[in-house]
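The values are calculated or read from the model by the stated rules, or taken from the named source; none is laboratory data. Everything numeric here is computed off the predicted structure, so don't read it as measured data. Here the Cβ positions follow ideal geometry from the backbone for every residue, glycine too, while neighbour counts run over all protein chains shown. Heads up: the accessible areas ignore ligands, DNA and RNA and are worked out on the full protein's heavy atoms, side chains in. Shrake-Rupley method; radii C 1.70, N 1.55, O 1.52, S 1.80 Å.
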Amino acid sequence: MSFDEMDVDTIWMDGEFVDWDDAQIHVLTHGLHYGTGVFEGARCYDTAEGPALFRWEEHVERLFQSAKPYDMEIDYTPEELTEATLELIRRQNLRSCYIRPIVFYGYNSLGVGPKDCPTQIAIAVWPWGAYLGEEALEKGIDVMVSSWRKHSSSQIPTNAKTTGLYVNSLLAGEEARRNGYAEAIVLNKEGNVAEGPGENIFLVRDGEVYTPGLSESILDGITRNTAITLARELGYTVHDNVSISRGELNTADELFFTGSAAEVTPIRKVDNVVIGDGSRGPITESIQSRFFEVVEREVDTHEEWFTYV
Ligand SMILES: Cc1ncc(COP(=O)(O)O)c(C=O)c1O
């Protein structure tokens with residue numbers, strides 16, 4: 001659905017609530033030319049206790065951390081960003097939505113060094129259902145291993161959620177879709193499994209759960225952390241600091257993606273090789289259903305993960 005079809009009208013930009021159509025930037029904005037922005041993607045769920053931001057504090061913390069390598073000063077406190085976000089959701093009467101804060105170097109000059117370019121900030125919220133489709137959550141998706149490799153963390157901080165990094169995600173994701181797949185899996189420079197273009201990846205083998213470690217050039221996903229926590233609470237052994245080779249994808253019993261947008265999405269085929277029995281596997285299903293019970297507050301755990309609107 002395009003923004004024009006959505007019932008949203010307000011964006012918070014540089015400290016002000018502005019009309020959606022007035023949230024504009026100059027064409028010579030530094031971030032547009034060089035990808036010098038950092039951003040977040042979080043969700044507000046319509047919970048049994050009312051609309052609530054999920055793991056918002058961690059998202060804000062990661063936004064500040066992402067800004068660090070680029071010397072970007074964020075002129076607002078985490079509390080101010082939280083208040084702006086809650087107010088945006090209230091003003092637009094949203095029960096559930098996606099939340100996109102972005103911080104970027106603005107307009108002043110266009111040397112690659114952002115000297116004297118101001119740091120600008122905006123937060124937008126809009127309704128966004130299942131990222132890879134409702135059916136994907138239940139049936140799983142077919143993916144391909146991309147011919148594009150992920151940047152190495154020695155080339156660019158892959159643990160910072162930087163706008164410029166996402167050209168790599170675009171290349172991988174679009175290559176997959178051109179070839180008839182729903183999404184890509186991206187290998188790192190060493191040829192190990194890193195993650196999806198906008199998701200972390202998990203593998204299940206012999207009843208245990210594996211996910212690439214943080215040194216595999218991945219984003220330290222907040223849903224990754226949620227899935228690890230919930231899987232352990234469900235009694236599964238989780239190995240969260242491993243390298244996974246490409247071949248292990250094919251011999252996995254189950255595979256799934258995690259992400260704030262993708263939530264917990266099963267993978268049924270990789271490069272047309274059927275994973276397990278080609279449907280959502282039992283361990284994926286138990287972690288996924290626990291995830292939705294928790295985010296919708298159908299169970300009374302992890303109160304600390306919620307910020308109520
Ligand atoms: C490259 C990449 N990896 C992993 C993730 C998942 O991170 P999170 O669960 O914090 O949304 C995302 C999404 O933000 C991403 O863009």
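For segment 31-75, give me each residue that is more than 19 Å from PRO114 (Cα to Cα), away from the ligand (no atom under 13 Å from the Cβ) and among the charged types (D, E, K, R).
ASP46, GLU49
Can you pull out the residues in segment 265-309 that are polar (S, T, N, Q), assigned to a helix (DSSP H, G or I) and either at pLDDT below 95 or buried (at least 19 other Cβ atoms within 10 Å of the Cβ) (or both)?
Passing the criteria: THR284, GLN288.
Determine whether segment 176-191 contains at least one residue that is within 12 Å of the ligand (Cβ to nearest atom), assigned to a helix (DSSP H, G or I) and either touching a residue at least 60 places away in the same chain (Cβ under 8 Å) or open to solvent by 60 Å² or more (accessible area, probe 1.4 Å) (or both).
Kept after step one, since they are within 12 Å of the ligand (Cβ to nearest atom), are these residues of segment 176-191: 183-186, 188.
In the following step, the residues that additionally are assigned to a helix (DSSP H, G or I) were identified as none.
Within segment 176-191, none of the residues are within 12 Å of the ligand (Cβ to nearest atom), assigned to a helix (DSSP H, G or I) and either touching a residue at least 60 places away in the same chain (Cβ under 8 Å) or open to solvent by 60 Å² or more (accessible area, probe 1.4 Å) (or both).
Of the conditions (1) over 18 Å from PHE291 (Cα atoms); (2) without any contact (Cβ under 8 Å) to a residue 40 or more places away in the chain; (3) within 10 Å of the ligand (Cβ to nearest atom), LEU171 clears all except one; give me its number.
Unmet condition: (3).
Those residues that are more than 19 Å from CYS97 (Cα to Cα) and in contact (Cβ under 8 Å) with a residue 40 or more places away in the chain, I need them from segment 279-300; list them, please.
Hits for segment 279-300 are SER279, ARG280, GLY281, ILE283, THR284, SER286, ILE287, GLN288, ARG290.
Do you know which of the residues in segment 192-222 that are of a type in the set (S, T, N, Q) and in contact (Cβ under 8 Å) with a residue 60 or more places away in the chain is nearest to the ligand (Cβ to nearest atom)?
Taking the candidates together, the pick is SER217.
Looking at segment 134-162 only, could you name the residues that are β-branched (Val, Ile, Thr) and out of contact with any Leu (no Cβ under 9 Å at 6 or more places or on another chain)?
THR162
Is there a residue being among the hydroxyl-bearing types (Ser, Thr, Tyr) and open to solvent by 40 Å² or more (accessible area, probe 1.4 Å) anywhere in segment 135-147?
As a first pass, look at segment 135-147 and keep what is among the hydroxyl-bearing types (Ser, Thr, Tyr): 146-147.
Narrowing the set further to residues that are open to solvent by 40 Å² or more (accessible area, probe 1.4 Å) leaves 147.
Looking for residues that are among the hydroxyl-bearing types (Ser, Thr, Tyr) and open to solvent by 40 Å² or more (accessible area, probe 1.4 Å), one finds at least one in segment 135-147, hence yes.
Hey, ALA176 hits all of (1) under 25 Å from VAL274 (Cβ atoms); (2) touching a helix residue (DSSP H, G or I) at 6+ places or on another chain (Cβ under 9 Å) but one; which does it fall short on?
(2)
Could you list, in sequence order, all residues of segment 217-250 that are over 25 Å from VAL295 (Cβ atoms) and surrounded by fewer than 22 Cβ atoms within 10 Å (Cβ to Cβ)?
Selection gives ASN241, VAL242, SER243, SER245, ARG246, GLY247, GLU248, LEU249, ASN250.
Quick one: which residue in ILE218, ILE228 is in a helix (DSSP H, G or I) and touching an Asp or Glu at 6+ places or on another chain (Cβ under 6 Å)?
Selected residue: ILE228, the only one of ILE218, ILE228 that is in a helix (DSSP H, G or I) and touching an Asp or Glu at 6+ places or on another chain (Cβ under 6 Å).
For every residue, the table says whether it meets (1) under 14 Å from LYS189 (Cβ atoms); (2) assigned to a loop (DSSP other than H, G, I, E, B); (3) at pLDDT below 95; (4) among the hydrophobic types (A, V, I, L, M, F, W, C).
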residue	(1), (2), (3), (4)
CYS117	no, yes, no, yes
ILE121	no, no, no, yes
ASP142	no, no, no, no
SER146	yes, no, no, no
SER154	yes, yes, yes, no
TYR166	no, no, no, no
LEU170	no, no, no, yes
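Is there any pair with a first residue in segment 74-91 that is under 18 Å from GLY37 (Cβ atoms) and a second that is assigned to a helix (DSSP H, G or I) whose Cβ atoms are under 6 Å apart and which are 6 or more apart or on different chains, and what are they?
Taking only residues 6 or more apart or on different chains, the pairs are ILE74/ALA67; LEU81/VAL60.
What number goes with the only condition from (1) over 21 Å from the mean Cα position of the chain (by Cα); (2) within 12 Å of ILE201 (Cβ to Cβ); (3) of a type in the set (A, V, I, L, M) that VAL274 does not pass?
(2)
When the residues of segment 56-82 are narrowed to those that are open to solvent by 20 Å² or more (accessible area, probe 1.4 Å) and not in a helix (DSSP H, G or I), which ends up farthest from HIS302 (Cα to Cα)?
ASP71
Of all the residues that make up segment 113-127, how many are open to solvent by less than 30 Å² (accessible area, probe 1.4 Å) and basic (Lys, Arg)?
0
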